[in-house]
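The structure appears right after this line, and notes come after that.
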Amino acid sequence: MSFVIAIVNEKSISTALQLFLQYRNPLIYIQSVSLLLLFLNFHPFCNQSLNSLSKNVFSIYLLSEGLGYGIYTLWASIMEISIILGLSFIFLLSAIAIILDRIRGGIFSKIMFLSKNK
């Protein structure tokens, strides 16, 4: 209830965005239950594009969590300036995470190749 009252009372978009980005947001609980119910109805299948997308999403998650709360406040302040800039920031962060994951994968595969050929 305090979550809804804080949004109604606050005038600043960044404060409202920060409240929506916290883990106690009720939308997170609704989304997680919805995704659980959605995936319970799926039959196991192998889809290369879906597997590739899930690898990328995991790397984006790790990068954004590794940067901590500062990235969320920076994003909220950018969103206050312009929604287009905020979305561009998210796209840029995602692209950086995917590129770093590709580099990590290449290094890891070379290490595994060298360790097998010893």
Review point. Hey, any idea what Rg/Rh is for region 35-118, computing Rh the Kirkwood way over Cα pairs?
Key: 1.11
Review point. Using θ = phi - 60° and the Karplus form 6.51 cos²θ - 1.76 cosθ + 1.60, what ³J(HN,Hα) does each residue of region 54-63 get, whole Hz, x for Gly and Pro?
Key: 5, 4, 5, 5, 5, 5, 5, 4, 5, 5
Review point. Which ³J(HN,Hα) values, rounded to whole Hz and listed in residue order, are derived for region 99-108 from phi using the Karplus coefficients 6.51, -1.76 and 1.60 in 6.51 cos²θ - 1.76 cosθ + 1.60 with θ = phi - 60°, glycine and proline given as x?
Key: 5, 5, 5, 5, 5, 4, x, x, 5, 5
Review point. Which FRET efficiency value, to the nearest 0.05, is calculated for Ser109 and Thr73 with the Förster distance at 25 angstrom and r the Cβ-Cβ distance?
Key: 0.10
Study note, to complete from the structure: Rounded to one decimal in nm, the spacing of the 7 Å Cα→Cβ label points at Ile28 and Ser52 is 3.1 nm
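Read the figures in this text as sums done on the coordinates, not as results from a lab. These figures come from a predicted structure and were not determined experimentally. Heads up, the Cβs are rebuilt from the backbone with ideal geometry, glycines too, and the neighbour counts pull from every protein chain shown.
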